[in-house]
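Working notes, structure below.
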Amino acid sequence: MYRIVSAIFLAENIKKFEIEAPRIAKKRRAGQFVMLRLSETGERFPLTIADSDPEKGTITIISQGAGKSTRALNRLEAGETITDVVGPLGTPSHIGNFGTSVSIGGGVGTAIAYPTAAALKAAGNYVITINGARTRELVILEEEMKAVSDEAYITTDDGSYGFNGFVTQKLQELIDSGRKIDFVLAIGPIPMMKAVAEVTRPYGIRTVVSLNPIMIDGTGMCGGCRVTVGDEIKFACVDGPEFDAHLVDFKNLADRNRIYQHEEKASDEAEAHRCRLAAQS
Ligand code: NAD
Ligand code: FES
């Protein structure tokens, strides 16, 4: 059992948890994730480790209540426990001394971009961050991103805060201004990562994305997280989750992520029905 030390909402439906997991806190590196299970019979699901405190023995994860398990996680509070937290899993981010790097977080993807941006900064890179959200209320980790950046930009789709537009428009603006950019990391929704890859491709800028396929065991055994990268089949849980953005087959990833949408919808409807019955009794 893993005790939740703190649990706070960063934005609507996005919750930050600090969890006691001393062994993971000591070992984890940027880009790695944990697999969680909320009960003995619950499903296993992955979440990236956003931060850790080896002294306190805690890790930080950030969860968007998008499916049944993440919604159930987001109902937990400090003092409660999580049945299983397994990790650290996945290949850590490759942190080189690239020069000028741009770390882009789209929406809740910022929780994953943040630790790698911090590691790039610690390795001596000049770090530019672009933190995008649909609207001001959905911007997360603004101060944390700023603290590890030489330049930090916020974008909102509706212009309610920072630059008015998508993260890709801000990136294009930086490129058009003549800045030499050596490395781009982009993490967020699939259309965003694909769009970033298309912005950087003509300039030959090395670009890395973190993929979020369906994961079941997280250890390379089940094949659930299969992705196509160039001519190769890779397993995101062990070979990734970070890959060369210019080689990723994003359509295949999006199609595979939709495989269980009917089952997920049925499960959501059953949950809503149970809640209505509970409210009536
Ligand atoms: P969102 O849809 O609000 O988008 C966040 C930002 O991404 C936008 O503000 C915009 O700047 C940019 N963006 C979105 N679509 C774009 C496009 N077509 N072109 C250019 N830029 C675009 O994000 P959200 O609701 O926080 O994200 C939810 C999605 O992110 C879910 O589908 C989730 O599965 C995925 N996700 C991915 C990862 C990962 O590891 N890649 C991690 C967490 C969540
Ligand atoms: Fe099973 Fe990656 S989650 S192989």
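Tell me, which residue of the stretch 41-67 that is among the acidic types (Asp, Glu) and outside any strand (DSSP E or B) is farthest from ligand 2 (Cβ to nearest atom)?
Taking the stretch 41-67 as the starting set, the residues that turn out to be among the acidic types (Asp, Glu) are 43, 51, 53, 55.
Now narrow it down to the ones that are outside any strand (DSSP E or B): 43, 55.
Working: Glu43: 12, Glu55: 31 Å.
My answer is Glu55.
Would you point out which residue out of Ala21, Ala113, Ala25 is small (Gly, Ala, Ser), at pLDDT below 95 and farther than 21 Å from Cys222 by Cα? Even if it seems obvious, please write down each step before you answer.
Working: Ala21 fails: at pLDDT below 95; Ala25 fails: at pLDDT below 95.
Testing whether each residue is small (Gly, Ala, Ser), at pLDDT below 95 and farther than 21 Å from Cys222 by Cα leaves just Ala113.
Of the numbered conditions (1) within 15 Å of ligand 1 (Cβ to nearest atom); (2) more than 16 Å from the chain's Cα centre (by Cα); (3) over 29 Å from Gln172 (Cα atoms); (4) modelled with pLDDT of 90 or more, Glu264 fails exactly one; give the number of that condition.
(4)
Based on this model, can you work out whether Gly31 counts as in contact (Cβ under 8 Å) with a residue 40 or more places away in the chain, surrounded by 19 or more Cβ atoms within 10 Å (Cβ to Cβ) and within 21 Å of Lys146 (Cα to Cα)?
So Gly31 passes the test.
Which pairs turn up if I take residues in the stretch 12-28 that are touching a residue at least 40 places away in the same chain (Cβ under 8 Å) and look for partners that are among the small types (Gly, Ala, Ser) with beta carbon separation below 6 Å, at least 6 apart in sequence or on another chain?
Close Cβ pairs satisfying both conditions: Asn13/Gly65; Lys15/Ser63; Phe17/Ala7; Glu18/Ser6; Ile24/Gly87; Arg28/Ser52.
Condition check ((1) acidic (Asp, Glu); (2) closer than 26 Å to Ala197 by Cα; (3) within 13 Å of ligand 1 (Cβ to nearest atom)) across all residues:
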site: Asn13; (1), (2), (3): no, no, yes
site: Glu18; (1), (2), (3): yes, no, no
site: Gln32; (1), (2), (3): no, yes, yes
site: Ala50; (1), (2), (3): no, yes, yes
site: Pro54; (1), (2), (3): no, no, no
site: Ile62; (1), (2), (3): no, yes, yes
site: Val86; (1), (2), (3): no, no, no
site: Pro92; (1), (2), (3): no, yes, no
site: Asn97; (1), (2), (3): no, yes, no
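Given (1) among the small types (Gly, Ala, Ser); (2) buried (at least 16 other Cβ atoms within 10 Å of the Cβ); (3) in contact with a helix residue (DSSP H, G or I) (Cβ under 7 Å, 6 or more places away or on another chain), identify the lone condition not met by Gly165.
That leaves (3) as the condition not met.
Would you confirm whether any residue within the stretch 83-91 is in contact (Cβ under 8 Å) with a residue 24 or more places away in the chain, not in a strand (DSSP E or B) and not β-branched (Val, Ile, Thr)? Write out each step before concluding.
Filtering the stretch 83-91 for residues in contact (Cβ under 8 Å) with a residue 24 or more places away in the chain gives 83-91.
Checking which are not in a strand (DSSP E or B) leaves us with 83, 90-91.
With not β-branched (Val, Ile, Thr) added as a condition, the list becomes 90.
Scanning the stretch 83-91 turns up at least one residue that is in contact (Cβ under 8 Å) with a residue 24 or more places away in the chain, not in a strand (DSSP E or B) and not β-branched (Val, Ile, Thr).
Please find, within the stretch 86-121, the residue that is farthest from Lys146 (Cα to Cα) out of those that are among the β-branched types (Val, Ile, Thr) and surrounded by fewer than 22 Cβ atoms within 10 Å (Cβ to Cβ). Walk me through how you get there before you give the answer.
First pass over the stretch 86-121, keeping only residues among the β-branched types (Val, Ile, Thr): 86, 91, 95, 100, 102, 104, 108, 110, 112, 116.
Filter again for surrounded by fewer than 22 Cβ atoms within 10 Å (Cβ to Cβ), leaving 86, 91, 95, 100.
Working: Val86: 30, Thr91: 26, Ile95: 19, Thr100: 16 Å.
Out of the qualifying residues, it is Val86.
Please go through the stretch 3-40 and give me each residue that is assigned to a strand (DSSP E or B) and under 15 Å from Ser52 (Cα atoms), ordered by number. Talk me through it step by step, then tell me what you get.
Keep residues of the stretch 3-40 that are assigned to a strand (DSSP E or B), which gives 3-11, 14-20, 33-37.
Residues satisfying the conditions are Arg3, Ile4, Val5, Ser6, Ala7, Lys16, Phe17, Glu18, Ile19, Glu20, Phe33, Val34.
List every residue pair whose Cβ atoms lie under 9 Å apart, where the two residues are 6 or more positions apart in sequence or sit on different chains, the first residue falls within the stretch 212-229 and is under 20 Å from Ile190 (Cβ atoms) and hydroxyl-bearing (Ser, Thr, Tyr), and the second residue, located anywhere, is more than 6 Å from ligand 2 (Cβ to nearest atom) and part of a loop (DSSP other than H, G, I, E, B).
Once the first residue is under 20 Å from Ile190 (Cβ atoms) and hydroxyl-bearing (Ser, Thr, Tyr) and sits in the stretch 212-229, its partners that are more than 6 Å from ligand 2 (Cβ to nearest atom) and part of a loop (DSSP other than H, G, I, E, B) give Thr228/Leu247; Thr228/Asp249.
Please verify whether Ser149 is polar (S, T, N, Q), touching a helix residue (DSSP H, G or I) at 6+ places or on another chain (Cβ under 8 Å) and buried (at least 18 other Cβ atoms within 10 Å of the Cβ), treating the condition exactly as stated.
Numbers: polar (S, T, N, Q): yes; touching a helix residue (DSSP H, G or I) at 6+ places or on another chain (Cβ under 8 Å): yes; buried (at least 18 other Cβ atoms within 10 Å of the Cβ): yes.
The answer is yes for Ser149.
Thr207 passes all but one of (1) within 10 Å of Ala245 (Cβ to Cβ); (2) touching a Phe, Trp or Tyr at 6+ places or on another chain (Cβ under 7 Å); (3) of a type outside the set (Gly, Ala, Ser); (4) more than 10 Å from ligand 1 (Cβ to nearest atom); which number fails?
It is condition (2) that Thr207 fails.
Which pairs have Cβ atoms under 9 Å, sit 6 or more apart or on different chains, and link a residue in the stretch 186-203 that is of a type in the set (Phe, Trp, Tyr) to one that is more than 6 Å from ligand 1 (Cβ to nearest atom) and in a helix (DSSP H, G or I)?
Going by the 9 Å Cβ cut-off, the qualifying pairs are Tyr203/Ile175.
The values are calculated or read from the model by the stated rules, or taken from the named source; none is laboratory data. Owing to the predicted nature of the structure, the values given are computational and were not obtained by experimental measurement. Please note: Cβ atoms are built from the backbone with ideal geometry, for glycine as well, and neighbour counts cover all protein chains shown.
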